[in-house]
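Peer 1: The following block contains the structure, expressed as structure tokens.
The values are calculated or read from the model by the stated rules, or taken from the named source; none is laboratory data. All values reported here derive from a predicted model rather than from experimental measurement. No Cβ is skipped: glycine too gets one built from the backbone with ideal geometry, and neighbour counts run over all protein chains shown. Just so you know, the surface numbers come from the protein's heavy atoms only, side chains and all, with ligands and any DNA or RNA stripped out. Shrake-Rupley method; radii C 1.70, N 1.55, O 1.52, S 1.80 Å.
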Amino acid sequence: MLIPDRSPSGRIDVLANGPYQVGGGLPLLRALIISDARGDPVSWIVGEPYLASKTYRLCRCGHSRMWPICDATHGSVGFDGGETDSRVPYIERAEVIDGPALRLTDVRILCSNAGFCTREGGTWRLTSQSADPHARRLAIEQAGNCPSGRLVAWETNGEVIEPVLSPSVCVIQNPRIGIRGPLWVRGRIAVYSAAGVRYEKRNRLTLCGCGLSHNKPFCDGKHQDH
Ligand code: FES
């Protein structure tokens, strides 16, 4: 199960007990979650730019008065930004759910609680019902909308089914909960630790922007505990 490498030139550096430094002209965009009448997330509107700058620093402690832009408040709140992610490659820690016409992989600790996976029984059940074309299509759509890439859909022959995402950093806005949440990193952008070691490149990942994650630098959904 291999994901082809189409790497952009931009990069993100985690700074020790400080912000994310974004370089290489990566656009910073707003990503709005659209929900249906029941409140279940169904799609994204992505595109409105936040700022136009070739390099910028994004808040990692959650306390910036200019959030998502860093204003150096991390220094006065004693932010502990220690990186705790295990670095085990995604596929090695994934639970595999095999359906009749679709495979789903799931790494629970990466969940950013965006909520796209709950509609019509949820992505796991839809995968188990994937002999039905509607269930299969919906499972693929839900997995592809998962910003953290916790969920990934695969053909049963092992070919990955990934959305095409142009390299960008997105500030997720969820009107349902309206709090400071994760930063959505799209398009296989390289993220480097404070020690200069690159994390696994992934098409979709979410970085913690609230300072509360137990799996830094990645979001683990703790922003909802605010
Ligand atoms: S933004 Fe999700 S845990 Fe911090």
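Peer 1: Take the alpha carbon atoms of region 204-226, find their center, do the same for region 97-152, and report the distance between the two centers in whole angstrom.
Peer 2: 21 Å
Peer 1: With every protein chain left in place and a probe of 1.4 Å, what is the accessible surface of Ser112, to the nearest 10 Å²?
Peer 2: 10 Å²
Peer 1: Which loop trypsin sites (Lys or Arg not before Pro) in region 36-127, with loop taken from DSSP, have no more than 13 other Cβ atoms within 10 angstrom of their Cβ? Working shown, then result.
Peer 2: Values: sites: Arg38, Lys54, Arg57, Arg60, Arg65, Arg87, Arg93, Arg103, Arg108, Arg119, Arg125; in loops: Arg38, Lys54, Arg60, Arg65, Arg87.
Hits after loop and neighbour filter: Arg38, Lys54, Arg65, Arg87.
Peer 1: Roughly speaking, what is the stretch gain from Thr84 to Lys54, that is 0.36 nm per residue apart minus the C-alpha to C-alpha distance, in nm to one decimal? Show your work: numbers first, answer last.
Peer 2: Working: separation 30, 0.36 × 30 = 10.80 nm, distance 2.87 nm.
Once the chain is fully extended between Thr84 and Lys54, it gains 7.9 nm.
Peer 1: Let me ask something additional. Can you tell me the orientation of helix 133-145 relative to the chain, as the angle in degrees between its alpha-carbon axis and the longest Cα principal axis, to the nearest 10?
Peer 2: 10 degrees
Peer 1: So what is the calculated 222 nm ellipticity per residue for the chain, using -39500 (n - 2.57) for each DSSP H run with n of 4 or more, over all residues, to the nearest 500 deg cm²/dmol?
Peer 2: Details: 4 runs with 27 residues, N = 226.
Calculated from helices alone, the mean residue ellipticity at 222 nm is -3000 deg cm²/dmol.
Peer 1: Across region 107-118, in residue order, what do the Karplus-derived ³J(HN,Hα) couplings come to in whole Hz, using 6.51 cos²θ - 1.76 cosθ + 1.60 with θ = phi - 60° and x for Gly and Pro?
Peer 2: These are the phi-based 3J(HN,Hα) values: 10, 4, 5, 7, 5, 10, 6, 5, x, 6, 8, 9 Hz.
Peer 1: Here is a follow-up. With the contact rule set at Cα under 8 Å and sequence spacing of 6 or more, what percent relative contact order holds for the chain? Each step should come with its number before you reach the end.
Peer 2: Working: 528 pairs, mean separation 54.5, N = 226.
Value for the chain: 24 percent.
Peer 1: Once you place label points 7 Å from the Cα toward the Cβ at Ser9 and Lys201, how far apart are they in nm?
Peer 2: Label at Ser9, label at Lys201, 1.5 nm between them.
Peer 1: Further question on the same structure: Compute the Cα gyration tensor for region 85-143, then decide on rounded, prolate or oblate, letting a ≥ b ≥ c be the square roots of its eigenvalues: rounded whenever a/c is under 1.5, prolate when a/b is larger than b/c in the other cases, and oblate in all that remain. Write out the running numbers ahead of the final one.
Peer 2: Working: a/c = 3.13, a/b = 1.61, b/c = 1.95.
Note, shape of region 85-143 comes out oblate.
Peer 1: Give a quick list of GluC sites (Glu not before Pro) in region 139-226 that DSSP marks as loop, anything other than H, G, I, E or B, with at most 15 other Cβ atoms within 10 Å.
Peer 2: For GluC sites (Glu not before Pro) across region 139-226 that sit outside H, G, I, E and B with at most 15 neighbouring Cβ atoms in 10 Å, the list reads Glu155, Glu159, Glu200.
Peer 1: Under a crude label model (7 Å from the Cα following the beta-carbon direction), how far is His134 from Val46 in nanometres?
Peer 2: Here the answer is 2.8 nm between the modelled labels.
Peer 1: Summing Lys, Arg as +1 and Asp, Glu as -1, what charge do residues with Cβ under 15 Å from the Cβ of Glu95 carry, Glu95 excluded?
Peer 2: Numbers: positive: Arg93, Arg103, Arg108, Arg125, Arg150; negative: Glu92, Asp98, Asp106.
Computed value for this residue: +2.
Peer 1: Of all the accessible heavy-atom surface of the chain, with the other protein chains kept in place and a 1.4 Å probe, what percent is carbon and sulfur?
Peer 2: 51 percent
Peer 1: Then there is this: Suppose a student asked you for the relative contact order of region 93-161, using Cα pairs under 8 Å spaced at least 6 residues apart; what percent would you report? Working shown, then result.
Peer 2: On the way: 123 pairs, mean separation 25.6, N = 69.
Normalised by residue count, the contact order of region 93-161 is 37 percent.
Peer 1: Which FRET efficiency value, to the nearest 0.05, do you get for Asp225 and Gln173 by plugging their Cβ-Cβ distance into 1/(1 + (r/R0)^6) with R0 = 25 Å? Spell out each step's value before the answer.
Peer 2: Details: r = 19 Å, r/R0 = 0.75.
Efficiency for this residue pair is about 0.85.
Peer 1: So, one more: Quick check: net charge around Glu155, other residues with Cβ under 14 Å of its Cβ, Lys/Arg +1 and Asp/Glu -1? Don't skip to the end; give the middle numbers.
Peer 2: Values: positive: Arg103, Arg136, Arg137; negative: Asp98, Glu159, Glu162.
That works out to 0.
Peer 1: Rounded to the nearest 5, what % of DSSP beta bridges with both residues in the chain are antiparallel? Before the final figure, lay out each step's value.
Peer 2: Numbers: 35 of 43 bridges.
Bridges in the chain that DSSP calls antiparallel: roughly 80 percent.
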